[in-house]
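Before any comments, here is the structure.
Just so it is clear, none of the values below were taken in a lab; they were calculated from the coordinates. Treat the numbers as computed from the prediction; the structure is a model and nothing was measured. Here Cβ is always computed from backbone atoms with ideal geometry, including for glycine, and neighbour counts include all displayed protein chains.
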Amino acid sequence: ARLRAQAADGSGYYLGAGLTAVDIYSAAFMALFRPLPEALCAMDPGTRAAFETRDPVTDAALDPVLLRHRDRIYRDHLELPLSL
């Protein structure tokens, strides 16, 4: 809801008009639930499978706005590709 409200005000961030720690924390946290694509975050196939295994309740909670925010924060503010 916060990201949607911010978008309505013209911001792509959780707080105000610029990047804050909460944006980085959120992006990193979302990557635990749905890893970035292999090209951006190479990892052992078994590890990727473990991170991509979700139950229906968790899957339903992964609102696309959260994943779009994650992708944009990584693309615009963090170093890609990741190296694990």
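Things worth noting here:
- Of the candidates P35, P45, the single residue that is more than 15 Å from Y14 (Cα to Cα) and in contact with an Asp or Glu (Cβ under 7 Å, 6 or more places away or on another chain) is P35.
- Of the helices (runs of 4 or more DSSP H) that lie entirely inside the range 11-84, those containing 3 or more residues that are charged (D, E, K, R) and either surrounded by 13 or more Cβ atoms within 10 Å (Cβ to Cβ) or within 12 Å of the chain's Cα centre (by Cα) (or both) span 64-77.
- Boolean, R4 is exposed (fewer than 11 other Cβ atoms within 10 Å of the Cβ) and of a type outside the set (A, V, I, L, M): yes
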